[in-house]
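Take a look at the structure below.
The values are calculated or read from the model by the stated rules, or taken from the named source; none is laboratory data. Bear in mind the structure is a predicted one, so any value in this text is a computation, not a measurement. Cβ placement follows ideal geometry from the backbone for every residue including glycine, while neighbour counts extend to all protein chains displayed. What goes into the accessible areas is simple: the full protein's heavy atoms, side chains included, and nothing from ligands, DNA or RNA. Shrake-Rupley method; radii C 1.70, N 1.55, O 1.52, S 1.80 Å.
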Amino acid sequence: MTDLDRPALGADAVAKLLRASAETVTLLGPDGRVLYEGGNTGPTLGYESLGSMSVEQLLHPDDVAVYQAARLEVLAAPGAEVGGEVRVAHRDGGWEWVEFTARNLLHDPDLRGVVLTTRNSTARRRSDRLLASTAQVLEAIAASRSVDEIVDLVRRMVAAQGDVELVALPTDEAELAELLAASTFSAAEEASRLLGLARSSHRAASELRRRALVDDLTGLANRAGFTEALRRHLEGPRRPSAVLLFDLDRFKQVNDAYGHSTGDALLERVADALRRVVRAGDVPARFGGDEFAVLCDALEPGDPQQAAEAVGRRLALALNNATEPESHLRIAASIGISVDDGNGARWRDAEAWIGDADHAMYEAKRRGRGRVVLADDATRRAVGERQRVEFGLRGALDDGSLEVWCQPIVRLSDRQVVAAEALLRWRHDDGRLRSPAEFLQVAEDSGLMGAISVHTITQAIEAAARWPDRSDLAPVLVAVNLSATQLLADDLVGVVQDTLRRCQVSPGRLVVELTEHVLAADEELVAHRLSELRDLGVSLVLDDFGTGWSSLHMVRPMPFDAVKVDRSFIAEMGSDAVADDFVVRIVELLRTLGREVVAEGVEHEEQMVALRRAGCEFGQGWLFGRPVPARDFAATYLGIGPLGEVG
């Protein structure tokens, strides 16, 4: 339809169109009085006409300031537009919420006023209020709040609709339900539904709570059930007692080797052994995974610590005798015990008591697994130190005090630097540097190894990117040591790839060093991860060769480019013919397998000479240079010629 085809509406038709709208259009003068009503105000306020009334006459006293501020804003500039929501007196004596939009058209010669468009928003607000109240009640039901709390919320929801005063609604759940069923309140149906849902939810919650305290697999108490029993114990009369906590040594390997069904069968046998050891009144529990606990109630008062330790040893023996039938594996556990001897300060918190036993269990693992350890001041101090180290490490990752240092690796034939090993150091506030041996185990236990791995790899690659090119020599490589946790992290390959790309460093310049212990983690998964790194172009080196369990038989199947012979083999070279001959044999074997050989711990000229005679290609040690901060490596070791030459 073209504009010529559209019917021209006369004034009466336009007025009729406006009256049919749910919105009211009014023209106001600068003083706020009504100049023209473009439709009746019935849908909004119930009035047939506002006559010459001022808008402010109809406003709720609390909303006058809102309207005045809007009026001043819209009058401030031609064409200005402002909106808001206020309460306006309805013809029946109540208050209605009204949404308004005002537009300044005083400059328009045809209108010369402010166009005010209004719509009654009371029903929408009631609906919004009902939805918000319903959500609040549902959240309370989901949170298992008490019936009284939910009844109070439902009462407030009904009263908020304006049909009835809050004080007129019963506080008893049954009486309120009966009233709602017979009433015509606007929210009665929804309120009745919510009360019914609350009743059903509380019945289900009671059953779930009962079931929530028991471990499905073993039938023992679970952690929640154990903690509740421990709280009741702490609230009762004091008597000598103890909490034992243990988990199964190398349980993950059972699951990996024989499957989860075998692992579950093993856990059930542990539970059976636990039931045979505990006394009447004791509470055995499975916390989850392979972690178990026992509350030993009412120990012999003469020597409760000895009594608790005796329970721990009986438990260790029972577990050791409980072989798993399919795999014939014997079960061993690291057991930590925290004793309340009935004297001195009493445990006030169940989790704190469990935590004390957990610290003792950690110490049992540290001492070699399969141990029974009683918590004492020494274990608590050790835990405090580990916590301080963990806290410090978290801060070090943010404040830059975890530093990467580099030590040169040289080609023995000409003593030129061919690579640098990136070594992590932690600089304390006092300036002292801590080596990884002092903090990496804490990092492993606290889940920080992933972040440390990303930090070390990133810093090492960024350092290599800054090293200058050497026109007559190949680019210097950078080597990074990874633990099993770091190597098997899901994001390792992505982190390496992204960092190399961002720093524009060739993958061939990165070397990943692994100790023999890493290979014991999961041979198949380790081999897969090494293949992924090799596919990127990264070189792989077996570090500390000869100190671990694997020796030569693990070198052949793994895709290592080179092997680092441990410093313990190098120490006597140059002064002991037997040591020289032994290293010669190692080098020959490794080169037969197609691996390059790097000697660690080269400190004397005699050692270097003996290594060259043995056919070893590369060396690392104080003879060639000590570690320096990565930022200083180029200035210290690159471009200065052969290292370690006797002047």
Does Ser144 count as in contact (Cβ under 8 Å) with a residue 40 or more places away in the chain, under 30 Å from Gly355 (Cα atoms) and in a loop (DSSP other than H, G, I, E, B)?
yes
Val98 being more than 50 Å from the chain's Cα centre (by Cα), of a type in the set (Val, Ile, Thr), open to solvent by less than 40 Å² (accessible area, probe 1.4 Å) and under 30 Å from Arg33 (Cα atoms):
no
Out of the stretch 525-548, which residues are basic (Lys, Arg) and either free of Cβ contacts under 8 Å to residues at least 12 places away in the same chain or in contact with a helix residue (DSSP H, G or I) (Cβ under 7 Å, 6 or more places away or on another chain) (or both)?
Arg529
Give the stretch 106-117 a look and list any residue that's surrounded by fewer than 18 Cβ atoms within 10 Å (Cβ to Cβ) and part of a strand (DSSP E or B), or say none.
Thr117
Return the total of residues in the stretch 424-464 being open to solvent by 50 Å² or more (accessible area, probe 1.4 Å), touching a strand residue (DSSP E or B) at 6+ places or on another chain (Cβ under 7 Å) and in a helix (DSSP H, G or I).
1
Pull out all pairs, ordered by first then second residue, where Cβ-Cβ is under 7 Å, the residues are six or more apart or on different chains, the first lies in the stretch 607-628 and is closer than 10 Å to Arg411 by Cβ and charged (D, E, K, R), and the second is open to solvent by 40 Å² or more (accessible area, probe 1.4 Å) and assigned to a strand (DSSP E or B).
Glu617/Arg411; Glu617/Glu596
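Of everything in the stretch 363-392, what is touching a helix residue (DSSP H, G or I) at 6+ places or on another chain (Cβ under 7 Å) and of a type outside the set (Val, Ile, Thr)? Give them in sequence order.
Within the stretch 363-392, the first condition is being touching a helix residue (DSSP H, G or I) at 6+ places or on another chain (Cβ under 7 Å), and the residues that meet it are 363, 371-375, 379-380, 382-383, 386, 389-390.
Passing the criteria: Glu363, Arg371, Leu374, Ala375, Arg380, Ala382, Arg386, Glu390.
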Please determine whether any residue of the stretch 118-130 is in contact with a Ser or Thr (Cβ under 6 Å, 6 or more places away or on another chain) and surrounded by 15 or more Cβ atoms within 10 Å (Cβ to Cβ).
yes
Answer with yes or no whether Leu59 is open to solvent by less than 20 Å² (accessible area, probe 1.4 Å), free of Cβ contacts under 8 Å to residues at least 40 places away in the same chain and either within 17 Å of Gly32 (Cβ to Cβ) or in contact with a strand residue (DSSP E or B) (Cβ under 7 Å, 6 or more places away or on another chain) (or both).
yes
Name the single residue that is modelled with the highest pLDDT among those in the stretch 313-353 being open to solvent by less than 40 Å² (accessible area, probe 1.4 Å), closer than 12 Å to Leu274 by Cβ and not in a loop (DSSP other than H, G, I, E, B).
Ile335
Could you check how many residues of the stretch 379-401 are part of a loop (DSSP other than H, G, I, E, B) and surrounded by fewer than 15 Cβ atoms within 10 Å (Cβ to Cβ)?
1
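Would you mind stating whether Leu213 is closer than 30 Å to Trp95 by Cβ and free of Cβ contacts under 8 Å to residues at least 24 places away in the same chain? Don't jump to the end; show me each part of the working.
Details: closer than 30 Å to Trp95 by Cβ: no; free of Cβ contacts under 8 Å to residues at least 24 places away in the same chain: yes.
So Leu213 fails the test.
Here are some residues: Leu623, Leu589. Which one is open to solvent by 30 Å² or more (accessible area, probe 1.4 Å) and over 26 Å from Asp472 (Cα atoms)?
Values: Leu623 fails: over 26 Å from Asp472 (Cα atoms).
The unique qualifying residue is Leu589.
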Return the residues of the stretch 470-481 that are within 21 Å of Pro629 (Cβ to Cβ) and free of Cβ contacts under 8 Å to residues at least 60 places away in the same chain; say none if nothing qualifies.
Pro475, Val480
Only one of (1) surrounded by fewer than 19 Cβ atoms within 10 Å (Cβ to Cβ); (2) assigned to a loop (DSSP other than H, G, I, E, B); (3) not hydroxyl-bearing (Ser, Thr, Tyr) fails for Cys616. Which number is that?
(1)
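Report whether or not Asp544 is open to solvent by 40 Å² or more (accessible area, probe 1.4 Å), within 49 Å of the chain's Cα centre (by Cα), at pLDDT 90 or above and not aromatic (Phe, Trp, Tyr).
Details: open to solvent by 40 Å² or more (accessible area, probe 1.4 Å): yes; within 49 Å of the chain's Cα centre (by Cα): yes; at pLDDT 90 or above: no; not aromatic (Phe, Trp, Tyr): yes.
When the stated conditions are applied, Asp544 does not pass them.
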Find all pairs meeting these conditions: Cβ atoms under 6 angstrom apart; at least six residues apart or on different chains; first residue within the stretch 366-389 and at positive phi and in contact (Cβ under 8 Å) with a residue 60 or more places away in the chain; second residue of a type in the set (A, V, I, L, M) and surrounded by 13 or more Cβ atoms within 10 Å (Cβ to Cβ).
Gly370/Ala332
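Look through Asp148, Asp92 and report the one residue that is open to solvent by 30 Å² or more (accessible area, probe 1.4 Å), of a type in the set (Asp, Glu) and more than 30 Å from Gly29 (Cβ to Cβ).
Details: Asp92 fails: more than 30 Å from Gly29 (Cβ to Cβ).
It is Asp148.
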